[in-house]
């Protein structure tokens, strides 16, 4: 068997056993323009996964942000600096992801309804408040949720 015939298995093995080392090797091959030695199949998968990872990060952070905004609304007596910190951190991290990948600017609007449901579930679980007591429709907009200066009011003070 030729050396070339063994190469794909060696590359596959490096990809499976040490992703970081594999990525550094692929980057070096790209720098040196040794394109015929690249692990193209796995490179394609990894490049595509970057966008998916960024989307997942936005979704996860939006879930947490919404959950904490609901907790803030429905448990005013339990408000604390940790909740404020979590709200601010999620907003900041979502903004960072979008700044790094401007093509995802509209993505939070695409997943807002889905994330609202996840946020409701999170708030219900963490507060012990029945899920059905949280409104089915968001009591705040996406723009408000992402606004660094916005904090929701208690339901009784909403007009």
Just the residues that are in a loop (DSSP other than H, G, I, E, B) and either without any contact (Cβ under 8 Å) to a residue 40 or more places away in the chain or over 22 Å from residue 81 (Cα atoms) (or both), please, taken from segment 121-138. 128, 130, 134, 135, 136, 137, 138
Mind telling me which of the residues 19, 65, 69, 48 ends up being out of contact with any strand residue (DSSP E or B) (no Cβ under 9 Å at 6 or more places or on another chain), closer than 30 Å to residue 117 by Cβ and modelled with pLDDT under 90? 48
Quick check on segment 94-116. Is at least one of its residues part of a helix (DSSP H, G or I), surrounded by 13 or more Cβ atoms within 10 Å (Cβ to Cβ) and touching a residue at least 60 places away in the same chain (Cβ under 8 Å)? no
How many residues are over 21 Å from the mean Cα position of the chain (by Cα) and either outside any helix (DSSP H, G or I) or surrounded by 19 or more Cβ atoms within 10 Å (Cβ to Cβ) (or both) if we restrict to segment 17-73? 10
By residue number, the members of segment 139-159 that are free of Cβ contacts under 8 Å to residues at least 24 places away in the same chain and assigned to a helix (DSSP H, G or I) are 143, 144, 156, 157
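The values are calculated or read from the model by the stated rules, or taken from the named source; none is laboratory data. Predicted model, so just to flag it, every value in this text is computed and none were measured. We place every Cβ from the backbone using ideal geometry, glycine too, and count neighbours over all the protein chains shown.
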